[in-house]
Amino acid sequence: MIKKILITGVTGQDGSNMVDYLLKNTEHHIIGTVRILSNANHENIKHNINNERFSLLYMDLLDEESIKNTIKKVQPDYFINFAAQSFVGESWNQPKLTFMTNAISLISILECIKDIKPTCRFYSAGSSEEFGDVETMPQNLNHPLKPRSPYGASKCAARHIVKVYRESYNLFAIHCILFNHEGIRRGKNFVTRKITLNLARIKHEIENNAIPTPFQLGNIYARRDWSDSEDFVEGVWLMLNQKKAKEYILSSNKDNSVKDFIDLSCKFLNLKAKWFIDKNNPLNTKLLLHNIPIITISKEFYRPAEVDILRGDCYETYKELNWRPSSTFQQLVKKMVDHDYKLLYNNYNIKKSEYLNKIVQLETKINVMLSELNDLKNLNIN
Ligand code: G4F
């Protein structure tokens, strides 16, 4: 039977990957929701805009009326909530907005589902940031909640509220703790994409004989459990179609440092860079390419409180869903680096051909002027 699936945050990495996955692997109708913005960026979904199984609606998680109107109108069979203030670093600057968007809005959604469409299956995107100041390795569902950021705290609250609605009203409401997940649609401010885009730019600069411009990072020793977002959306769809709603973890069961991510990116781009490590003063640490700094460390990108390490124990989920992520960390880094190198290739080639054209134009002008000068000289005027 054809179902209606409502997805929030559809222009972001996970929402757009979910749309692609469902259009490819199911026959259901997908209704994506977006906020009204004067400058909307629909890049990640533009290839699906003309698909008759996909449509867009305006809805704002901070406006309960808009959630109510949307659920009344769509009568969804599934509600997949990927919309969030998902940038941990920004959550110290916008703590209330983060909490309203990531936690309070869930009360509105669950109230509307309970009153309007109680059979609707609901998915809440949790985060490994809920574990924060970790006590044991790896982390599973029994690990205490010890968030270190307003973002982490908002996701803890979301987890509790989903549990309360699941148990009080027997709603099919899942909360899944997602460890870091990346890809070619990752926002430019997250550390992985910041690294692949900047190193790809530096590779082009070198290939065009320009001096590379460095970029800045914060704590390169933080360790994360990184997977591919395209793998995770499949896991999410599988858990939404189990008999019982519960909590889950999605992770790779492996951790790597930000520095590991940089080293692997350099390897795939064939950048033979070397670290200068200053153990006494981390702000003095740099990555050098032929003695020119390409990465420097800045206080600006350190957080008021850091989560030093995260590694998720996902074996229960693997067993229950009979699912495994298909990409390794190495494959993920290679995919992102290759993508960003190609993405910037055109920019550099256009610049290069504009530059060469300009030289040809100038040379032609000079030749014309030289020949005019010669003609003048040859005029024998007494
Ligand atoms: O890429 P990040 O900003 O991701 P973070 O904070 O781990 O959060 C991501 O994963 C969570 C799941 O664990 C999600 F819930 C959340 O929505 C998001 O998707 O930072 C990763 C690490 C941090 O330790 C950070 O301090 O990289 C470190 N880092 C070092 N330099 C930096 C930078 N992070 C950013 N964004 N920018 C830097 O320049």
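Sticking to Cα atoms, compute the Rg of the range 8-157 to one decimal and its Dmax as the biggest Cα-Cα distance, whole number, in Å.
Here Rg and the maximum Cα pair distance are 16.3, 49 Å.
In whole angstrom, and with the biggest value first, how far do the Cα coordinates of the chain range along each principal axis?
108, 55, 38
Express the C-alpha Rg of the range 220-349 as a ratio against the empirical globular expectation 2.2 N^0.38 Å, rounded to two decimals.
In units of the globular-protein estimate, the range 220-349 measures up at 1.32.
Evaluate the charge dipole of the chain about its Cα centre and quote only its size in Debye, nearest 20, assuming +1 on the Cβ of each Lys and Arg and -1 on the Cβ of each Asp and Glu.
Roughly 180 debye, rounded to the nearest 20.
Under 10 Å from the Cβ of C266, count the other residues' Cβ atoms, weight Lys and Arg +1, Asp and Glu -1, and hand me the total.
+3
Highest GNM mean-square fluctuation, the chain, Cα pairs closer than 10 Å: which of D133, D260, D278?
Looking only at D133, D260, D278, the largest GNM fluctuation is found for D278.
Would you list which lysines come within 26 Å of K279, measuring only between C-alpha atoms, while excluding same-chain residues fewer than 8 positions from it?
K194, K254, K259, K267, K299
Using only C-alpha positions, report the orientation-averaged shadow area of the convex hull of the range 268-334, nm², one decimal.
7.3
Under a straight-distance cross-link criterion of Cα-Cα below 17 Å, which lysines are reachable from K319, leaving out those fewer than 8 residues away in the same chain?
Within the straight-line limit of under 17 Å, K319 reaches these lysines: K243, K244, K246.
Give the residue from N270, P293, V307 lying farthest towards the positive end of the charge dipole for the range 223-332; charges sit on Cβ (+1 for Lys and Arg, -1 for Asp and Glu) and the dipole is referred to the Cα centre.
Result: P293, furthest along the dipole toward the positive end.
Sum -39500 (n - 2.57) across every DSSP H segment of at least 4 residues in the chain, then divide by the residue count to get the 222 nm mean residue ellipticity, nearest 500.
Per the formula, -13500 deg cm²/dmol.
Determine by what factor the alpha-carbon radius of gyration of the range 204-246 differs from 2.2 N^0.38 Å, reporting the quotient.
Relative to the 2.2 N^0.38 Å estimate, the range 204-246 comes out at 2.22.
Where a number appears in this text, it was derived from the coordinates with a stated rule and is not lab data. From a predicted model like this one, the values you see are computed outputs, not experimental measurements. Note that each Cβ is placed from the backbone with ideal geometry, even for glycine, and that neighbours are counted across all protein chains shown.
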